[in-house]
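Novice: Can you keep this structure in mind? I'll have questions shortly.
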Amino acid sequence: MAPFDPALSHPIKWSVGENRFDEDGKNPKSLSLFVPLASAHEMANHLMSLAEKRGDHVKTGKVWDFDKQAEIEVEGFYINAKGKDGQYGEFGNINPQKLQGGPTKPSF
């Protein structure tokens with residue numbers, strides 16, 4: 001197995017906690033992402049590479065269409081991450097494997 005070659009200089013941190021702004025009880029949890037400035041262009045480049053290559057990573061998934069007030073199926077890709085339970089909720093890091101032949105530096 002090839003060694004892990006991260007797409008980002010610094011991982012994106014995610015956390016799930018209580019939604020402090022949920023007044024009606026419909027959305028009790030909140031997801032927060034912290035994107036290091038050094039990784040912002042790298043993540044954008046990684047997403048663009050995924051979209052342009054359209055390989056095995058493209059899947060069909062469901063998203064909410066606010067106009068139709070229903071779920072619709074669209075093509076896309078999953079960004080997965082490992083996580084842990086902590087004092088303030090669940091948390092983890094996102095740093096995907098760099099795509100083979102993908103850009104090594106931001107093209108912005």
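The values are calculated or read from the model by the stated rules, or taken from the named source; none is laboratory data. If you're wondering where the values come from, they're calculated on a predicted model, not measured in any experiment. Using ideal geometry, Cβ is built from the backbone for each residue, glycine included, and neighbour counts are taken over all protein chains shown.
Novice: For region 10-28, give me each residue that is surrounded by fewer than 12 Cβ atoms within 10 Å (Cβ to Cβ) and in a loop (DSSP other than H, G, I, E, B).
Specialist: Once the filter is applied, which keeps residues that are surrounded by fewer than 12 Cβ atoms within 10 Å (Cβ to Cβ) and in a loop (DSSP other than H, G, I, E, B), region 10-28 yields 20, 21, 23, 24, 25, 26, 27, 28.
Novice: Restricting attention to region 79-92, which residues are modelled with pLDDT of 90 or more and touching a Gly at 6+ places or on another chain (Cβ under 8 Å)?
Specialist: Within region 79-92, 83, 84, 90, 91, 92 meet the criteria.
Novice: Quick one: what pairs do we get from region 40-64, first residue closer than 11 Å to residue 99 by Cβ, second part of a helix (DSSP H, G or I) and of a type in the set (A, V, I, L, M), C-beta under 7 Å, 6+ apart or different chains?
Specialist: 57/50
Novice: While we're on this one: Looking at 31, 37, can you tell me which residue is farther than 18 Å from residue 5 by Cβ, surrounded by fewer than 11 Cβ atoms within 10 Å (Cβ to Cβ) and modelled with pLDDT of 90 or more?
Specialist: None of the other options fit; the residue is 37.
Novice: Considering region 22-37 alone, what residues qualify as being over 13 Å from residue 95 (Cα atoms) and either in contact with a strand residue (DSSP E or B) (Cβ under 9 Å, 6 or more places away or on another chain) or touching a residue at least 12 places away in the same chain (Cβ under 8 Å) (or both)?
Specialist: 22, 28, 29, 30, 31, 32
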